[in-house]
1. Just checking, which of L29, L23, L41 is open to solvent by less than 60 Å² (accessible area, probe 1.4 Å) and of a type outside the set (V, I, T)?
2. From (1) at pLDDT below 90; (2) under 18 Å from I73 (Cα atoms), pick out the condition that doesn't hold for L22.
3. Looking at S58, is it out of contact with any helix residue (DSSP H, G or I) (no Cβ under 9 Å at 6 or more places or on another chain) and small (G, A, S)?
4. Kindly provide the set of residues from segment 1-15 that are surrounded by fewer than 13 Cβ atoms within 10 Å (Cβ to Cβ) and modelled with pLDDT of 85 or more, ordered by number.
5. Can V80 be described as closer than 20 Å to K2 by Cα and open to solvent by less than 90 Å² (accessible area, probe 1.4 Å)?
6. With respect to S55, is the statement that it is assigned to a helix (DSSP H, G or I), at pLDDT 90 or above and open to solvent by less than 40 Å² (accessible area, probe 1.4 Å) true?
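The values are calculated or read from the model by the stated rules, or taken from the named source; none is laboratory data. For clarity, every value in this text was computed on a predicted model and none was experimentally measured. In this analysis, Cβ positions are derived from the backbone assuming ideal geometry, glycine residues included, and neighbour counts consider all displayed protein chains. Protein only, heavy atoms only, side chains kept; ligands, DNA and RNA dropped before computing areas. Shrake-Rupley method; radii C 1.70, N 1.55, O 1.52, S 1.80 Å.
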Amino acid sequence: MKKFLKVALNPQWKIIVVIFVLLIFQTILQMEIIDLFGDALSGVKNQNIGLLFKSGLSMLIFTVCSMISMYAISRLSVRVSSNATFNIREKIFYILMN
């Protein structure tokens, strides 16, 4: 397993750190969306249009940012996995040819 991590994932560590940061960012945004939903419901209950509009607009912006983060995570994850498999195949090829 150590050899696998060294060969396949060691060159990819910067991208993996970016993926983890984006995951944390996306999780925070999703928790904020849940919190804003409570504000929106209290705006409906109190018939406060300003609060409802503000929380709804914030939820929309957070949702768009969360979707962009999710797209970036998927693209970077595919890149890491394809580069890792390429590195493994390259090492196996060199081992077999020698």
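1. On the way: L23 fails: open to solvent by less than 60 Å² (accessible area, probe 1.4 Å); L41 fails: open to solvent by less than 60 Å² (accessible area, probe 1.4 Å).
Within the list L29, L23, L41, the selection yields L29.
2. Among (1) at pLDDT below 90; (2) under 18 Å from I73 (Cα atoms), L22 violates only (1).
3. On the way: out of contact with any helix residue (DSSP H, G or I) (no Cβ under 9 Å at 6 or more places or on another chain): no; small (G, A, S): yes.
In short, no.
4. The answer is K14, and nothing else.
5. yes
6. On the way: assigned to a helix (DSSP H, G or I): yes; at pLDDT 90 or above: no; open to solvent by less than 40 Å² (accessible area, probe 1.4 Å): yes.
Against the criterion (assigned to a helix (DSSP H, G or I), at pLDDT 90 or above and open to solvent by less than 40 Å² (accessible area, probe 1.4 Å)), S55 does not qualify.
Yes or no, residue by residue, for (1) within 23 Å of the chain's Cα centre (by Cα); (2) at pLDDT below 90; (3) of a type in the set (K, R):
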{"residue": "A40", "(1), (2), (3)": "no, yes, no"}
{"residue": "T63", "(1), (2), (3)": "yes, no, no"}
{"residue": "A72", "(1), (2), (3)": "yes, no, no"}
{"residue": "A84", "(1), (2), (3)": "yes, yes, no"}
{"residue": "K91", "(1), (2), (3)": "no, yes, yes"}
{"residue": "Y94", "(1), (2), (3)": "no, yes, no"}
